[in-house]
Amino acid sequence: MGKSAELLQGTLDLLVLRTLECGPLHGVGIADRVEQVSRGVFIVGPGSLFPALHRLAENGWITGEWSETDAKRRVKTYTITASGRSRLAAEKRNWKKVFTAMNRVLAEEV
Amino acid sequence: MLTPGRLHSLWNWLFHRYALETELDAEVKAFYETVVQRNMDRGHSEPEARRLARLQFDSPETAKEQVRDARPGASLSSIARDVRYSWRRISKAPVFALVTVLTLALGIGANATIFSIVSRFVLRAPPVGDPATLMALHTTHHAACCSSFSWPLFSDLEGQAKTFSSMAAYEELVPASMSGAGDPLRVWGQATTANFFDVGQFRMQLGRGFRSDEEHLPVVVLGHALWQQRFAADPLIAGKSILLSGKPFTVVGVAPAGFHGVDQILDAQFWVPLGNLDSSLSSKTANFQSRNNHWLAVIGRLNARSQPAQAAAELDVLAKRISKAHPDADWDDGFSFERAGSLPPRDRSAILLFVSALSLVALMVLGIAGANVANLFLAQAAARQREFAIRLALGATRRHLLHQMLTENIIMALGGGLVGLAFSIWATGALSTFHIPAPVPLDLTISVDSRVVIVSLFLSFATAILFGLIPAWTIVRPIIANGLKGEDQLARPGRFLSLGNILVIAQITLSVVLLCSTGLFLRSLQTASQIEIGFRSSGLLMMAVDPRLHGYSPERTTQFLNQLRERVAALPGVRSATYTDSIPLSGGNRSDGFQIVGQPALSLPSVELYMIGPAYFETIGTALISGHFFPNENPAGPKFAIINQAFAEKLFKNQNPIGQLVSDNGLTFQITGEVKNVKSRFLGEDYRPVLYRSLAQEISRDPSFAGYRIVVQFSNEPAAVAQAVRAEIHSLDPTLSIFDSQTMQEHLRDALFLPRLAGSVFGTFGALGLLLAAVGLYGVMNSWVSRRTHEMGIRLALGAHVAEVQWLIVRRGMLLTLLAIVPGLALAWAVSKLFTSVLYGIQPDDLLTFSVVPVFLASVALFACWIPARRASSVEPLDALRHE
């Protein structure tokens, strides 16, 4: 649940997959990256991030591995899988379609 | 959607929950620690860094809870929790649970029992292959359904109908006697065309049906019950020879259990080929030439390509063609058909009306029970307000509470449903022992089958959920303002029509309907047992034999009966003895139209026919009013007859009938005497005209289809007399089978079948309804009173009299009762109209019933209110004031 903007249903999955496309990250890393890239519009809390990560892992789109950070802290790092990549591609196409359609509809406004 | 991933995760949730939780915990903790570390890196102290992290995000516990909710097992886990919690509550209040389950069980049991009847007689598919295409055909006479076929008519139809791929004909009931091991037995079977088993596609338990070349051979298919009882379920019976009415038949097969022909009520126990009938078993009317002899039932298998509508159209055309070709035949109209094994079309609407009335009444009992359950839950909820308040305060949502209460209801429903089914297994067993007096064998047993189980469980769940949700709805919406004042949060002050009261009014209304029905049927049973039947109701013993099945000629039968009568009359303990073809009140024997000789009439009154032997009227106890018995019983001489009063009134008006001549199809009888009326077919009927003929004179022309009965008037123990009569029969002919041996008291109890059945069913339902409604009223008044103990104390302290306080309570209860009785009586009056045809001797708007029931109900209600009223008025004012 973003505090600055309501996330559209299902878009969190897209955001997480997109973030992991650039390389493996742990939970806080994902949340930070989303906030950064969206310039603070989407702030992802653990309450929505973790269910999303579990859901994606269940579907086999990402995998989690326990590893140690530089600060000697054990964290779970997530990596996107091959099926996750194809899913992301599909989601991107879909999003573009919706995005264009929404823009057209909104532009019609008199 | 269950993907492999979700399955895996469900597997983990089920069996590795601990590992799952540890990992989740570590992950969430790591997240927070990272955030805290970062805050500290920015220069905050550790406590401040933690505080900021919490401000920034939800608490770790909430995050974990959200992950848990998203897991596939989450709903399972909450159900399991609800069940555990409900079970704990139920075991803490076992009495409440027991009362609820029993209340539900009574309602469900009543419905399951009635539905067993519906399932057996209305829903059960006939035991035929592909029931949708097997039709039972009838002939219609002046467009009135349903008559049988003559052989030539059947042959014409079978040869010409193209929409039917095959047709079979059969005589519905053929008696035979079966000797061999044990006493000789009379059994009933059917005589069929050889293709009968192929057309019906009946599965066989053993062996096969008839082959097409066996039309004229002495072969037999045995019924399952007969095979078990008489042949010890011999698995090698196919191919063996057995004796039917003294003639050898080869067994070719055994029908499966529960199969007794296409009809689901007639209880046939053997099948023989029709073509062999006239030479082997003596049949009622076997006649393959006459077009005017309608004696065959017909089934037909619809062609795979034909629709019923096409078949109907074709039969119409064929009917016109056939009747044109045979203008002399007395069949004229057409044909009709319906699915084989469905309810007999003539009685269909009556049966449906009767079972709907029964179902309606059973549902009323369930409604009363359900209202009681709802009130029980309401009363319990009042006691659980604190619990609910605490749980709501701790963050439970209303949905959580509703779920949990529903779980409790469902557990109760399951218990109620199962106990109810146990009740109905017992009740169907008891109902199956009712014996209907009918000259033909009937299978009327009912039992709890899978349909009944499904419907009962469904009903109990529906009841529990419906009546559980009503109170649950109010429970989760407590009035907070009252709660803050420490008062009852569920009471809606100032509202008389509260939920509890409405439920009670509904209950009492329904019980008025039930009680009125009960009253009507009990009155009917009472009047039925007082009906003047016109003959002795006790001290008579009857026993039937059918010498015809043993190859006796009519003359030899008369001789045998006379010999037997003389021997039996000489037995010690026997006052007199006679014989006849049929005992009155057996559901109807033979009848025919009569007219006075020389006075042709357009419509001939239908007259009941009895064949009697010497000393008949003395033995059976019907008084001779005028004239005398037959002067002689010479078979070759002029025929004599004795008539009853109804006959004399109908045909002779005010003339003296003695000596007059009456005729039946050209056969003339001289009337020698007039006797009092008897109830001939049923108890409920008006007296019918009866004509008694001499058995010796009429036996060869019109032999009885159902055997002959020796009737004995005894003075002491019937068992000893029965033993002696049996011995006399067997000393005359040891091979004769004896059947229908019973005393007149037993026979009359059977004749009271309908009023007794209705009386027991409604008596039970009425008592149940009354009990449940009284408990319901008591419960509501009781909880009302306990909520007002405080108020009563104040009233008493301020000087109110005990009687005034009691009146206050009783008045409220009686107001509820009155509000219910008025619509109840109206409803009952409407419902009772349905019963007109099954009431004996009273009208459905019987004044006595409709005036006694409200008074009775009001007194029960008064008692139910008086108990709490007495308790309330015995409150010590001081105690009540210190109540808080």
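The values are calculated or read from the model by the stated rules, or taken from the named source; none is laboratory data. Being a predicted model, the structure only gives us computed values, none of them experimental. Don't worry about glycine lacking a Cβ; one is built from the backbone with ideal geometry, like all the others, and counts go over all protein chains shown.
When you look at B:VAL99, is it closer than 30 Å to B:GLY200 by Cβ, of a type outside the set (Gly, Ala, Ser) and away from chain A (no Cβ under 14 Å), yes or no? Step through it out loud before you land on a result.
Numbers: closer than 30 Å to B:GLY200 by Cβ: no; of a type outside the set (Gly, Ala, Ser): yes; away from chain A (no Cβ under 14 Å): yes.
Here the answer is no, as B:VAL99 does not meet what is asked.
Please tell me if B:ILE108 is more than 10 Å from chain A (Cβ to nearest Cβ), out of contact with any His (no Cβ under 9 Å at 6 or more places or on another chain) and in contact (Cβ under 8 Å) with a residue 40 or more places away in the chain.
Numbers: more than 10 Å from chain A (Cβ to nearest Cβ): yes; out of contact with any His (no Cβ under 9 Å at 6 or more places or on another chain): yes; in contact (Cβ under 8 Å) with a residue 40 or more places away in the chain: yes.
Against the criterion (more than 10 Å from chain A (Cβ to nearest Cβ), out of contact with any His (no Cβ under 9 Å at 6 or more places or on another chain) and in contact (Cβ under 8 Å) with a residue 40 or more places away in the chain), B:ILE108 qualifies.
What residue, among those in the range B:595-618 that are touching a Gly at 6+ places or on another chain (Cβ under 9 Å) and modelled with pLDDT of 85 or more, is farthest from B:TYR708 (Cα to Cα)?
B:VAL607
If you take the residues in the range A:49-60 that are at the interface with chain B (Cβ under 9 Å from one of its Cβ atoms) and in contact with a strand residue (DSSP E or B) (Cβ under 7 Å, 6 or more places away or on another chain), which one is surrounded by the most Cβ atoms within 10 Å (Cβ to Cβ)? Steps first, please.
Filtering the range A:49-60 for residues at the interface with chain B (Cβ under 9 Å from one of its Cβ atoms) gives A:49-55, A:57-60.
Now restrict to residues that are in contact with a strand residue (DSSP E or B) (Cβ under 7 Å, 6 or more places away or on another chain): A:53, A:57.
On the way: A:LEU53: 23, A:ALA57: 19.
Looking at residues that are at the interface with chain B (Cβ under 9 Å from one of its Cβ atoms) and in contact with a strand residue (DSSP E or B) (Cβ under 7 Å, 6 or more places away or on another chain), I get A:LEU53.
Just give me the residues in the range B:59-86 being surrounded by 14 or more Cβ atoms within 10 Å (Cβ to Cβ) and more than 14 Å from chain A (Cβ to nearest Cβ), in sequence order.
Hits for the range B:59-86 are B:SER77, B:SER78, B:ARG81, B:ASP82, B:VAL83, B:SER86.
Out of curiosity, is B:PHE850 within 36 Å of the chain's Cα centre (by Cα), aromatic (Phe, Trp, Tyr) and modelled with pLDDT of 80 or more?
Values: within 36 Å of the chain's Cα centre (by Cα): yes; aromatic (Phe, Trp, Tyr): yes; modelled with pLDDT of 80 or more: yes.
In short, yes.
What is the residue count in the range B:1-48 for residues that are assigned to a helix (DSSP H, G or I) and within 14 Å of chain A (Cβ to nearest Cβ)?
Residues flagged as assigned to a helix (DSSP H, G or I) and within 14 Å of chain A (Cβ to nearest Cβ) within the range B:1-48 amount to 33.
Restrict the check to the range B:677-686 and report whether at least one residue is out of contact with any Lys or Arg (no Cβ under 7 Å at 6 or more places or on another chain) and not in a loop (DSSP other than H, G, I, E, B).
No.
So which pairs qualify, if the first residue must be in the range B:339-363 and within 25 Å of B:PHE458 (Cβ to Cβ), the second must be part of a loop (DSSP other than H, G, I, E, B), the Cβ gap must be under 6 Å, and the two must be at least 6 apart or on different chains?
From residues that are within 25 Å of B:PHE458 (Cβ to Cβ), the pairs are B:ILE351/B:LEU343.
Out of the residues in the range A:31-43 that are of a type outside the set (D, E, K, R) and farther than 13 Å from A:LEU20 by Cβ, state the one that is nearest to the other protein chains (Cβ to nearest Cβ). Spell out how you get there, then give the answer.
The first filter runs over the range A:31-43 and keeps only residues of a type outside the set (D, E, K, R), leaving A:31, A:34, A:36-38, A:40-43.
Next cut, farther than 13 Å from A:LEU20 by Cβ only: A:36, A:38, A:40-43.
Values: A:GLN36: 13, A:SER38: 16, A:GLY40: 13, A:VAL41: 16, A:PHE42: 14, A:ILE43: 8 Å.
Ranking the candidates gives A:ILE43 first.
From the list B:ALA105, B:ALA93, which residue is within 30 Å of B:GLY429 (Cα to Cα) and not assigned by TED's automatic domain parsing to the domain that holds B:LEU24?
Numbers: B:ALA93 fails: within 30 Å of B:GLY429 (Cα to Cα).
None of the others qualify; the one that does is B:ALA105.
Name the single residue, out of those in the range B:402-441 being at pLDDT below 80 and hydrophobic (A, V, I, L, M, F, W, C), that is nearest to B:ALA268 (Cα to Cα).
B:VAL440
Here is a yes/no grid of residues against (1) crowded, with 17+ Cβ neighbours inside 10 Å; (2) assigned by TED's automatic domain parsing to the domain that holds B:SER760; (3) modelled with pLDDT of 85 or more:
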| site | (1), (2), (3) |
| --- | --- |
| B:ILE470 | yes, no, no |
| B:THR474 | yes, no, no |
| B:ILE479 | no, no, no |
| B:LEU499 | yes, yes, no |
| B:ALA506 | yes, yes, yes |
| B:THR518 | yes, yes, yes |
| B:ARG523 | yes, yes, yes |
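Would the range B:826-837 turn up any residue that is more than 31 Å from the chain's Cα centre (by Cα), in the same structural domain as B:LEU771 (by TED's automatic domain parsing) and free of Cβ contacts under 8 Å to residues at least 12 places away in the same chain? Let's see the steps before the verdict.
Going residue by residue through the range B:826-837, those that are more than 31 Å from the chain's Cα centre (by Cα) are none.
Among the residues of the range B:826-837, not one is more than 31 Å from the chain's Cα centre (by Cα), in the same structural domain as B:LEU771 (by TED's automatic domain parsing) and free of Cβ contacts under 8 Å to residues at least 12 places away in the same chain, which makes the answer no.
Tell me, please, whether a residue that is at negative phi, more than 41 Å from the chain's Cα centre (by Cα) and either surrounded by fewer than 17 Cβ atoms within 10 Å (Cβ to Cβ) or in a loop (DSSP other than H, G, I, E, B) (or both) can be found in the range B:602-614. Reasoning before the result, please.
Restricting attention to the range B:602-614, the residues satisfying the condition of being at negative phi are B:602-614.
Remaining after also requiring more than 41 Å from the chain's Cα centre (by Cα): B:602, B:614.
Among the residues that remain, those that are also either surrounded by fewer than 17 Cβ atoms within 10 Å (Cβ to Cβ) or in a loop (DSSP other than H, G, I, E, B) (or both) are: B:602, B:614.
Yes, the range B:602-614 contains a residue that is at negative phi, more than 41 Å from the chain's Cα centre (by Cα) and either surrounded by fewer than 17 Cβ atoms within 10 Å (Cβ to Cβ) or in a loop (DSSP other than H, G, I, E, B) (or both).
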